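Below is one structure, written out as structure tokens; the observations come after it.
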């Protein structure tokens, strides 16, 4: 029996890892292949490996298993040909192309994406206790600026402009980001706004090469905060973000089933 495999690459972040696993699950389901998905985490950065394992531990998805296989990224070479490496299957080579492909079963894709974010009961219950906001913004900094300089990162002023275009009285705003200082910038420019954040002062931008392996409790808290932020972004009345990051892409999918979808991407 063929075993299907998807590999996390050396530069994988938690967002791209989740998206890659999602693409593989979608491919299997679309092709009526009922089997366990093996995720090769050997080459993934150690912190990301730990974080993605924590993520799948609290998700109700139970058809994913981790393995460790060292090999080159040549699809013709594999130490065990009992595995079929899905990373080189055209359909999921680029997850963005999946959505642009007219053959994509979009409802199935979204269904799998929502399934990944259904957590085990104890964790899911905590999400229901989170506050709902009129507007949620997501600002990505860190290595998105240094490693992907070809991408434009919207300024804090642009986010403020978009918020002000939404004419709501006494609006509640939630700030989500990898950099706490962007929250302080908004507060300084608009001190009268009712804005809150889940970020903490020590968060100075997400840099993959600076991640370290921490205690299990710290890693769990990091993953759970990430999921909480996604939950708030999904459920806010308005969302303002960017599609140049996997987080923005994931929020777009999570909000697809809303009839009153109100998104702004800058």
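Assorted remarks:
- Qualifying residue in region 83-92 (condition: part of a loop (DSSP other than H, G, I, E, B) and at pLDDT below 75): yes
- Candidates 249, 226, filtered to the one that is assigned to a helix (DSSP H, G or I), at pLDDT below 80 and closer than 21 Å to residue 20 by Cβ: 249
- Tally of residues being touching a strand residue (DSSP E or B) at 6+ places or on another chain (Cβ under 7 Å) and closer than 18 Å to residue 229 by Cα across region 156-179: 8
- Helices (runs of 4 or more DSSP H) wholly inside region 116-164 that include at least 2 residues being under 23 Å from residue 56 (Cβ atoms) and at pLDDT 75 or above: 121-128
- Any hit, region 197-208, residues being in contact with a helix residue (DSSP H, G or I) (Cβ under 7 Å, 6 or more places away or on another chain), at pLDDT below 65 and assigned to a helix (DSSP H, G or I): yes
- Condition check for residue 17: touching a strand residue (DSSP E or B) at 6+ places or on another chain (Cβ under 9 Å) and not in a helix (DSSP H, G or I): no
- Meets criteria (surrounded by fewer than 18 Cβ atoms within 10 Å (Cβ to Cβ) and modelled with pLDDT under 60) for residue 107: no
- Only residues that are without any contact (Cβ under 8 Å) to a residue 12 or more places away in the chain and within 16 Å of the chain's Cα centre (by Cα) were counted in region 1-52, giving 0.
Results for (1) buried (at least 16 other Cβ atoms within 10 Å of the Cβ); (2) part of a strand (DSSP E or B); (3) at pLDDT 75 or above; (4) not assigned by TED's automatic domain parsing to the domain that holds residue 256, shown as yes or no for each residue.
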{"residue": "10", "(1), (2), (3), (4)": "no, no, no, yes"}
{"residue": "26", "(1), (2), (3), (4)": "yes, no, yes, yes"}
{"residue": "52", "(1), (2), (3), (4)": "yes, no, yes, yes"}
{"residue": "66", "(1), (2), (3), (4)": "no, yes, yes, yes"}
{"residue": "71", "(1), (2), (3), (4)": "no, no, no, yes"}
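- Condition check for residue 215: outside the structural domain of residue 109 (by TED's automatic domain parsing), at pLDDT 90 or above and surrounded by fewer than 20 Cβ atoms within 10 Å (Cβ to Cβ): no
The values are calculated or read from the model by the stated rules, or taken from the named source; none is laboratory data. As the structure is a computational prediction, the values presented were derived from the model and not from experiment. Glycine gets a Cβ as well: all are built from the backbone with ideal geometry, and neighbour counts include every protein chain shown.
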